[in-house]
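In what follows, a single structure is set out as structure tokens and then discussed.
We did not get these values from a lab; they are worked out from the coordinates using the rules stated. A quick note: this is a predicted structure, and the numbers were derived from the prediction, not measured. Here Cβ is always computed from backbone atoms with ideal geometry, including for glycine, and neighbour counts include all displayed protein chains.
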Amino acid sequence: MNKRRITSSLLSILMLINLAGCSKKEDKQSFKTEFPKEDFEDIGYAEGFRGYEVSFGEEIELSSLSEIKESVSEWEKYKSDCELEFLKDSSIVFGKIKKNSFELLGTNSNFLSAFQVENDPIKSVQVGLENVLMDVLNDFLSTATNDVNGDLHRMKSLGIVLAKNLKVNGYYFEKYNCSVLSFDKVKSCLEDSHGYDELYALINRVINVVRLYPCDCSLDLSDKFLELNDNFLWDAATVSDIFYYDKGDVARSECYLKAFDRTKERSFWWLAIFNKDSRLDDYYNAIFNSDISALHTFFDIKTDEEIEAFYNACEAIDTIFHSDEAYKSYLTLFSQVLARLTEYSLNNNDFSLKDNLAVYAMIREDLSRWYYHVDGICDYTDGVLSLDGGYKLFLSNLYGVSIDEINDYLTSEELDRYLKSLDDTSSELFVRFPILKDIIESNPSVTNLISFKRIAGFYSQKLARC
């Protein structure tokens, strides 16, 4: 048995002892804001969390480390920046899209023009769509911080058409670089006095989907590279970008249908909070530049173990609609984030227990949320309990407080008030973890303490079912 497995096994034993043997109430101790970490012996918690092994059922096929590294290597070999220079002029881009769109009309009898045609009975719809598209292009060129040359190269061949009786708001066909939008949806948005923002968000997503793909300057990219991009993370970013940058009324658009993907996406962002140089702008730049290295930098992924854990979690979590086993992918994320939180706690003497528990409470809320929805998957429920118990045991040793006191504080009104005060931009936690502010602003629900109390109440029920 190798050292990592020994440490992981030892940690699991300590967790189980903690969960089963804490019936005796320990003496209350006051929370310490500082403590002598130089006197604290690292007993291997970070290594134990990082080496926490999650076993998936046969229905989930995960790539091996060698396959993942081969795909990353293919990217490094073939990825290149756009070699062309484009004028950042929205009217020129608009003209190219319009020309391409007219050429598409003859390829399918069901296509309707998205752009003005004289004496066309749907001209009012075409005019409205043109106005929104121009607004989206203007905003894109004035706010985008990634390499927009590659985006403009892709848009140079983009076509947009309309079609009636679509079951969804639109389709995108990457092979033809063509978006087919629902005529009925566009028309209803334009007829609604509040529909502009909804249509703006819809068109913005069309542009974002086009931006996901490398331009022709990287045409040599192999299937291995595309496999890295072919998961929910990239698709979710086309919508979360609209939420994060407040582009249109997404609440009334189809974007809410991606809420589940955006929740999964946010789960990965916790990996980045200990990287003080990371902000969500870096994440979106990496996504829209198809820059895998930049994505690794954002998530602070360096070692082979971290690379394997990240992509395996992406693959497993992407099957969450198809198999209950996929819920266990959150255990991989939970354990990796706890390893980083443990290391941060050991390396920063001024990190108070109060702030530590506030950060942990938000992480636990986000990464163990499926605890309430999974019945009969004891590996998952046991994993949540073990990781939670292990981190509390670590905190008890590190800060010299009882586990009972930690549990009391995690369900206290004091923590509730503290979390709800985090909309203050001068918060110490935001200074310490800049990306935490981005995460909370993108979804304020992560500071909701109600579910923390539910977790505490459901522990014994879930254990009993197993």
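Figures for the structure shown
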| read-out | value |
| --- | --- |
| Cβ charges +1 (Lys, Arg) and -1 (Asp, Glu), total dipole of the stretch 90-220, debye | 320 debye |
| Average Cα contact separation per residue, the stretch 90-220, under 8 Å, 6 or more apart, as relative contact order % | 27 percent |
| Highest to lowest packing among 125-133, 152-160, scored as the average C-beta count within 10 Å | 152-160, 125-133 |
| Ordering of 206-215, 330-339 by packing [mean C-beta count within 10 Å, highest first] | 330-339, 206-215 |
| Separation in nanometres of the label points that stand 7 Å from Cα toward Cβ, at Asp408 and Asn108 | 6.5 nm |
| Convex hull volume per residue in cubic angstrom - Cα atoms of the stretch 90-220 | 111 Å³ |
| Backbone N under 18 Å from the Ser157 label point (7 Å along Cα→Cβ), restricted to the stretch 189-211 | 207-211 |
